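Asks: I have a structure I would like to understand better, so I am pasting it below and will then ask my questions one at a time.
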Amino acid sequence: MARKKRSRTETVAKMVMENEATLPTISACLAEDTTFKSLRIRLAEISQQEGVTGHILRNGTSAAINLKDPSSLMGFALLCSHAVDTGHEFSESFNLGQIENILLEGKNAKVLCIAVGKCVVNVFMEKTADHTQILDRICANLD
Amino acid sequence: MSTGARVFAVQSVLNEIKNISPEVSNTFLFAVNGEILAKDDDTSLLSAGPAAKAFNLLVEKTEPIGRLESVTFCGSHQRMNISRMKDSYLATIASKESSPRRAETLTRVLVPAILRLVDNLQLATEQEPPIELNEPDPISPNTQTSETQEASENDEDISTDDTDKSESAEPNLNVGQHESELEYEPSPEEPSATQFIIEHLGGLLIPPDTVRIDNAAILQWKELYEDRELNEVEVETLSGEKTRCKFKPIKDSKLEGKGLIQMPQKLQITLQTSQGELVMVKPVVR
């Protein structure tokens, strides 16, 4: 009985990986950027989580995008970029310090923008998704 | 209530928030157009004004996620939260170590409650003049209004007025009538709302249209509306989403008296809310 269960789990895992490969992914990352690499792996796992609708990961030279609805890419990218700029502005005005993360909650969805070293992670999710858990997973034990 | 009085009321609340939680360093309320409506004493217009304008530029870009409800900027020193309240936004800046839940409760409950109260008072004051216009009498409206305001404070004034206008008994009656109008009597027809924190209710046999509420609250409602039928409650989120659903008392005795409402996933989606959020609940009296 136990063996059967194991084989089922493996099949599901493979299917998930295959599905992920079919999703639009643009990548031009530098080979040795370990933070970027480990973030990509974590985000790939998080994307399978219920309620998560996609992510954008970028650093100075590379970007990895995974969105369930690719047509919303421009809108999301603009929103995240603006949010980061606004964060910097507020940080100067109110002495917030270096902005570590930003959570935008809309009527239909929410976005979590996280700064990890030189990388910026943007995770898009439904309103009911647990953003604190996602934040913990992304930031846990990173260099 | 004048706009100045409204601003004063909100400003006092913002200052009180700072007194209650010293970790809060700045609070300010601004309109959708970027105008600063109220701020605490420590916040300067020089920093709040441009911040409100920068925020409004961000709001314009939030189409992909729907109407913006709140934004939290977590910095290495402090955390800034901006929450939508009807037609305005409330910004709160607190230290990073402060409990976000506590600040959220203060800003999302206290300030909207005060704003609602102030608006209701303003509405009540605005509604008074038409009542006076419906009853034409020889006294000019201005004189009558001042009489009404003074009536409760100074009985002697009224008696003097009575002797002046002894020819008709009408003015005397009017004063009495306005006095009773000014007194606030909560109507039994209008059920009061109670605040609860949402707890997720899951399981196979859980009806999707029924919430579970603290038994103490249910008993209180039953006491208030003895002869009435109470089968449903109206649940309203702080962002104004409303729904009606059936209710039952919470089964788990450990959860009683904690101000919780257990809500199935379907209702949370309908209300666009989630576990840990606050909702206002009032019984539907038939």
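The values are calculated or read from the model by the stated rules, or taken from the named source; none is laboratory data. Quick caveat: nothing in here was measured; it's all calculated off a predicted structure. In this analysis, Cβ positions are derived from the backbone assuming ideal geometry, glycine residues included, and neighbour counts consider all displayed protein chains. Heads up: the accessible areas ignore ligands, DNA and RNA and are worked out on the full protein's heavy atoms, side chains in. Shrake-Rupley method; radii C 1.70, N 1.55, O 1.52, S 1.80 Å.
Asks: Of A:Ser62, A:Ser38, which residue is out of contact with any strand residue (DSSP E or B) (no Cβ under 6 Å at 6 or more places or on another chain), touching a residue at least 60 places away in the same chain (Cβ under 8 Å), more than 9 Å from chain B (Cβ to nearest Cβ) and more than 27 Å from B:Asn56 (Cα to Cα)?
Replies: Residue meeting the stated conditions: A:Ser38.
Asks: Which condition number in (1) within 14 Å of chain A (Cβ to nearest Cβ); (2) at pLDDT below 90; (3) farther than 25 Å from B:Val7 by Cβ is the one that B:Ser76 fails?
Replies: Here B:Ser76 meets the rest and fails (2).
Asks: Now for a different question. Considering each of B:Val233, B:Val285 in turn, give the residue that is touching a residue at least 12 places away in the same chain (Cβ under 8 Å) and open to solvent by less than 30 Å² (accessible area, probe 1.4 Å).
Replies: The match here is B:Val233.
Asks: Here is a follow-up. Can you tell me which of A:Ile134, A:Ile56, A:Ile46 is in contact with a Cys (Cβ under 7 Å, 6 or more places away or on another chain) and touching a residue at least 24 places away in the same chain (Cβ under 8 Å)?
Replies: After ruling out the rest, the residue left standing is A:Ile56.
Asks: Is there a residue being within 25 Å of the chain's Cα centre (by Cα), within 14 Å of chain A (Cβ to nearest Cβ) and modelled with pLDDT under 90 anywhere in segment B:119-129?
Replies: No - not one qualifying residue is present in segment B:119-129.
Asks: Right, something else. Among residues belonging to segment B:223-282 that are polar (S, T, N, Q) and in contact with a helix residue (DSSP H, G or I) (Cβ under 8 Å, 6 or more places away or on another chain), point out the one that is nearest to A:Asn108 (Cα to Cα).
Replies: B:Ser274
Asks: May I ask you to list the residues in segment A:126-143 that are part of a helix (DSSP H, G or I), within 21 Å of A:Ala63 (Cβ to Cβ) and open to solvent by 30 Å² or more (accessible area, probe 1.4 Å)?
Replies: Answer for segment A:126-143, where residues must be part of a helix (DSSP H, G or I), within 21 Å of A:Ala63 (Cβ to Cβ) and open to solvent by 30 Å² or more (accessible area, probe 1.4 Å): A:Leu135, A:Arg137, A:Cys139.
Asks: Next question. What is the number of the single condition among (1) in a strand (DSSP E or B); (2) among the β-branched types (Val, Ile, Thr); (3) facing chain B (nearest Cβ under 7 Å) that A:Ile114 does not meet?
Replies: It fails just one condition, (3).
Asks: Looking only at segment B:63-99, count every residue that is free of Cβ contacts under 8 Å to residues at least 40 places away in the same chain, part of a loop (DSSP other than H, G, I, E, B) and open to solvent by less than 20 Å² (accessible area, probe 1.4 Å) and tell me the total.
Replies: 1
Asks: Still on this structure: B:Gln268 is checked against (1) open to solvent by less than 70 Å² (accessible area, probe 1.4 Å); (2) in a loop (DSSP other than H, G, I, E, B) and fails just one. What number does that condition carry?
Replies: The failed condition is (2).
Asks: Evaluate the following for A:Arg137: is it more than 10 Å from chain B (Cβ to nearest Cβ), under 10 Å from the mean Cα position of the chain (by Cα) and over 30 Å from B:Ser44 (Cα atoms)?
Replies: Judged against the criteria, A:Arg137 is not a match.
Asks: Let me ask something additional. Could you list all residues from segment A:74-109 that are farther than 19 Å from B:Ser76 by Cβ, within 7 Å of chain B (Cβ to nearest Cβ) and open to solvent by less than 10 Å² (accessible area, probe 1.4 Å)?
Replies: Across segment A:74-109, the qualifying residues are A:Leu79, A:Leu104, A:Gly106.
Asks: Given the condition facing chain B (nearest Cβ under 9 Å) and either surrounded by fewer than 21 Cβ atoms within 10 Å (Cβ to Cβ) or under 14 Å from the mean Cα position of the chain (by Cα) (or both), answer yes or no: does some residue in segment A:118-125 qualify?
Replies: yes
Asks: Could you tell me which numbered condition A:Ser93 fails, if it satisfies all but one of (1) out of contact with any helix residue (DSSP H, G or I) (no Cβ under 8 Å at 6 or more places or on another chain); (2) over 28 Å from B:Gly276 (Cα atoms)?
Replies: (1)
Asks: Also, I was wondering about something else. Inspect all residues belonging to segment B:34-49 and state whether any of them is more than 10 Å from chain A (Cβ to nearest Cβ), in a helix (DSSP H, G or I), touching a residue at least 12 places away in the same chain (Cβ under 8 Å) and within 28 Å of A:Ala109 (Cβ to Cβ).
Replies: No, because not a single residue in segment B:34-49 is more than 10 Å from chain A (Cβ to nearest Cβ), in a helix (DSSP H, G or I), touching a residue at least 12 places away in the same chain (Cβ under 8 Å) and within 28 Å of A:Ala109 (Cβ to Cβ).
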